[in-house]
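To keep things clear, I will list the structure first and then write my remarks on it.
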Amino acid sequence: MTIVAGYDVGGAHLKVARIENGGLSAVRQIACPLWQGLDHLDAALASVEPIVGGAATHAITMTAELTEIFASREEGVIALLERLRQRISGDLRIFVGLKGFADVQAARGDPLSVASANFLATARLVAHRQPQALLIDFGSTTTDIVACDRPQGLSDAERLQTGELVYTGLTRTPVPSVATRAPLAGQWQGLARDTFATMADVRRILGELADDVDLHATADDRGKSLPESLARFARGFGRDADMRHLSTWRASAAYVAERQLRSIHDGVLQVLSRPGLAAKSVIAAGIGAPVVTQIASRLNLPVTDFGTLIAAPDDLGNWATRCAPAVSVALLQATTS
């Protein structure tokens, strides 16, 4: 039996997948606040041993080189490769974007091809299975928008220019980075430009956040109940939550959520405006995949979630969609092994 493990090493989460005989058999996401130190990566890797244990090959992609603990992206890639080499037993295959896979030594010599290439892994897999598809991966921190047959930008800097990277996420994004004002009780209200609340609070107020996707501490290190989310959200308005009814706060939260969706939709329209580009369908990925279906509806395009695209088992479909790059590098490597 051939077993391949896939890893997407991010600055906030470690995502892993297990492929056995060409099919997905396990997938998981673990909180990994790497900005607090590399020991968090060590702990996350130890916790996924039941999933990746016994794998002959370990396929790895990353975005964690952007974490603040590293002086540069190149330094981050090299430090992470060394840490992964020390902590993972077996044959490590590093995803180097358009160049495919390389061993650790070769990857160390080409760090910028390793850096933040996880979106290309998903795009390559999607392109093989569904031509002329537009991938929208709405994660906890960022959103990737990729015409899978024709990716344009390769680095984060390039993709921020092309519209293929929108730096907004379903849960971790601070509210004032989405909107600096919002309607409240019939009037426009300016918002405090501080991280009192995040989009996870907005989604909880709207009743739209799955219980198992927000793995990190809140902005004030308090709980994740509706009253606690309301308190944080109201503070950004300079108010206490009990100063307005829940329905009023929900109307304000709905406006903020729409502003975020609109920013992603704008990125999509920029990508689709490229001459000669034709998208016939949308592939939804990330923890925000249900929101992606709303964008596909606005585009009048059919949408398929990533888990369905790869024919994931029913009990793994949601998490395959949420962890698409980890699943993709494992599947890509499995086809080349």
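The values are calculated or read from the model by the stated rules, or taken from the named source; none is laboratory data. Just so it is clear, the model here is predicted, and its values are computed rather than measured. Ideal geometry is used to build each Cβ from the backbone, glycine not excepted, and the neighbour counts take in all protein chains shown.
Restricting Ala326, Ala330, Ala320, Ala234 to those that are assigned by TED's automatic domain parsing to the domain that holds Pro183 and hydrophobic (A, V, I, L, M, F, W, C) reduces the list to Ala234. Is at least one residue of the stretch 23-33 over 19 Å from the mean Cα position of the chain (by Cα) and surrounded by 16 or more Cβ atoms within 10 Å (Cβ to Cβ)? Taking every residue of the stretch 23-33 in turn, at least one turns out to be over 19 Å from the mean Cα position of the chain (by Cα) and surrounded by 16 or more Cβ atoms within 10 Å (Cβ to Cβ).
The set of residues in the stretch 307-337 that are within 11 Å of Ser25 (Cα to Cα), in contact (Cβ under 8 Å) with a residue 24 or more places away in the chain and either surrounded by fewer than 24 Cβ atoms within 10 Å (Cβ to Cβ) or among the β-branched types (Val, Ile, Thr) (or both) comprises Ala312, Pro313, Leu316, Val327. Annotation: of all residues in the stretch 282-298 being of a type in the set (Gly, Ala, Ser) and assigned to a strand (DSSP E or B), the one that is surrounded by the most Cβ atoms within 10 Å (Cβ to Cβ) is Ala285.
The set of residues in the stretch 101-127 that are surrounded by 15 or more Cβ atoms within 10 Å (Cβ to Cβ) and either among the acidic types (Asp, Glu) or outside any helix (DSSP H, G or I) (or both) comprises Phe101, Ala102, Asp110, Ala115, Ser116, Ala117. Regarding the stretch 252-273, can at least one residue be identified that is over 15 Å from Asp144 (Cβ atoms), among the aromatic types (Phe, Trp, Tyr) and buried (at least 19 other Cβ atoms within 10 Å of the Cβ)? The answer is no; no qualifying residue exists.
Looking at Ala219, is it touching a helix residue (DSSP H, G or I) at 6+ places or on another chain (Cβ under 7 Å) and under 18 Å from Leu184 (Cβ atoms)? Considered against the rule, which asks whether it is touching a helix residue (DSSP H, G or I) at 6+ places or on another chain (Cβ under 7 Å) and under 18 Å from Leu184 (Cβ atoms), Ala219 comes out as no. The selection criterion, being of a type in the set (A, V, I, L, M) and either surrounded by 22 or more Cβ atoms within 10 Å (Cβ to Cβ) or in contact with a Lys or Arg (Cβ under 8 Å, 6 or more places away or on another chain) (or both), holds for Ala64.
Scan the stretch 18-66 residue by residue and report those that are touching a strand residue (DSSP E or B) at 6+ places or on another chain (Cβ under 9 Å), closer than 17 Å to Ala5 by Cβ and of a type in the set (Asp, Glu). Listed by number, the list holds a single entry, Glu20. The condition of being polar (S, T, N, Q), modelled with pLDDT under 95 and within 27 Å of Trp35 (Cβ to Cβ) holds for only one of Ser116, Ser140, Ser72, Ser155, that being Ser155. Report yes if some residue within the stretch 73-85 is buried (at least 17 other Cβ atoms within 10 Å of the Cβ), in contact (Cβ under 8 Å) with a residue 12 or more places away in the chain and part of a loop (DSSP other than H, G, I, E, B); otherwise report no. No, because not a single residue in the stretch 73-85 is buried (at least 17 other Cβ atoms within 10 Å of the Cβ), in contact (Cβ under 8 Å) with a residue 12 or more places away in the chain and part of a loop (DSSP other than H, G, I, E, B).
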